[in-house]
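First the structure, in the form of structure tokens, and then the observations on it.
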Amino acid sequence: MAGYSGITAGYLILGDRPCLVETGTATSAPVVRDALASLGVGPGDLATIVVTHIHLDHAGGVGDLAGLYPEAEIVVHEKGARHLADPSRLMASARMVWGDKLDVLFGEMSPTEAARIRALGDTGSVDLGNGRTLSSHYSPGHAKHHVGLIDSGTGDLYVGDAAGVYLPQTGDLRPATPPPDFDLRTALDSIALFEALGPQRLLFSHYGPVDDVQATLERSAEELRVWVDLTRQAHSAGMDLDHAVAMVRDRTRERYAALQADDATAEQFELLSGAPSNVAGILHWLDRAQP
């Protein structure tokens with residue numbers, strides 16, 4: 001994404017019915033295609049493409065990959081399905097937020113044929129073949145169209161962005177609280193749901209697998225509370241967005257080794273989970289909760 005490697009992960013589940021979890025951005029589609037080919041998965045082999053939610057860093061490549069893998073069923077939560085079939089509103093909204101940066105960061109999401117999309121409710125299941133399933137669990141604290149996915153064969157839990165973002169170089173974990181859907185109670189409930197599923201491993205879309213499930217989910221909840229508490233202080237003081245971002249960024253800086261590291265690592269961390277986006281999302285929620 002945006003010329004970086006190690007920003008956005010797609011995961012291939014190899015088995016009787018190969019399944020890709022997350023596509024990454026539209027601009028990443030050729031990278032994903034080449035990676036699948038190197039693992040022996042050709043155009044007619046991929047059975048399913050599943051996305052945890054429809055943000056462009058997770059699902060921007062769906063339309064392109066649907067075209068490259070014509071046998072694949074496309075699976076998404078029901079609140080995101082129509083945006084995959086017709087991405088025009090999603091793209092217009094993203095362009096308002098990102099402006100000219102949109103093309104560099106994400107590219108343009110292509111439409112997916114509606115007949116190929118399967119919309120999931122609050123729970124659902126994807127057949128991985130040979131009795132193995134990928135079960136879906138609605139987890140909307142980060143976005144109202146977000147699901148977590150657990151593999152019955154491995155206990156791996158695909159957490160999307162509901163447990164925050166993880167930087168493997170430093171072990172840092174930071175929340176992902178963008179507007180317009182962030183809600184603290186719902187976000188904490190989603191993390192509690194993930195704990196209750198008893199996963200063996202957490203597979204972060206940003207970025208990579210984490211084995212220490214309990215400590216990581218506890219840290220996810222702690223990070224949310226820290227960012228919300230600080231942003232609430234800024235909100236109560238009547239700060240505008242820029243001043244609130246500066247204050248929260250300054251007071252959380254010591255929590256993250258990435259920000260003490262080299263410039264490239266710090267820049268990557270900020271791209272993964274930008275303070276302006278996080279603070280804006282929390283302020284949006286506070287304005288709704290306590291205008």
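A short reminder: the numbers here are calculations on the coordinates, not readings from a lab. Only a predicted model underlies this, so the values are computations on that prediction, with no experimental measurement involved. Positions of Cβ are backbone-derived with ideal geometry, glycine not excepted, and every protein chain shown enters the neighbour counts.
The HN-Hα couplings worked out from phi for the range 250-262 by the Karplus form 6.51 cos²θ - 1.76 cosθ + 1.60 (θ = phi - 60°) are 5, 7, 9, 3, 5, 6, 10, 4, 4, 7, 9, 8, 5 Hz, whole numbers, x standing for Gly and Pro.
Full extension of the chain between L271 and D212 gives 18.8 nm of extra length, using 0.36 nm per residue less the Cα-Cα distance.
Helix 184-196 and the long axis of the chain differ in direction by around 50°, with both axes built from C-alpha atoms. The range 61-110 and the range 219-291 have Cα centres lying 27 Å from one another. Summarising the label geometry, the points placed 7 Å from Cα in the beta-carbon direction at S38 and T154 lie 1.7 nm from one another. Model label points for S5 and V226, set 7 angstrom from Cα along the Cα-to-Cβ axis, are 3.0 nm apart. Given their separation in residues at 0.36 nm each and the Cα-Cα distance between them, L12 and A257 gain 85.2 nm when the chain is fully extended. The shape of the chain can be summarised by an equivalent ellipsoid whose semi-axes, obtained from the alpha carbon gyration tensor, come to 30, 20, 19 Å from longest to shortest. Taking each DSSP H run with n ≥ 4 as -39500 (n - 2.57) and averaging over every residue of the chain yields -12000 deg cm²/dmol at 222 nm. Candidates V159, L36, L283 compared by Cα position along the dipole of the chain: farthest toward the positive end lies L283, with charges placed on Cβ. Sorted from greatest to least, the principal axis extents spanned by the alpha carbons of the range 71-214 come out as 40, 37, 29 Å. Based on alpha carbons, the Rg and Dmax found for the range 1-140 are 14.4, 46 Å.
Once each of the GluC sites (Glu not before Pro) sitting in a DSSP loop with at most 16 other beta-carbon atoms within 10 Å is removed, the chain keeps 114-291 as its longest stretch. Against the chain, whose longest principal axis comes from its Cα atoms, helix 88-98 is set at around 40 degrees.
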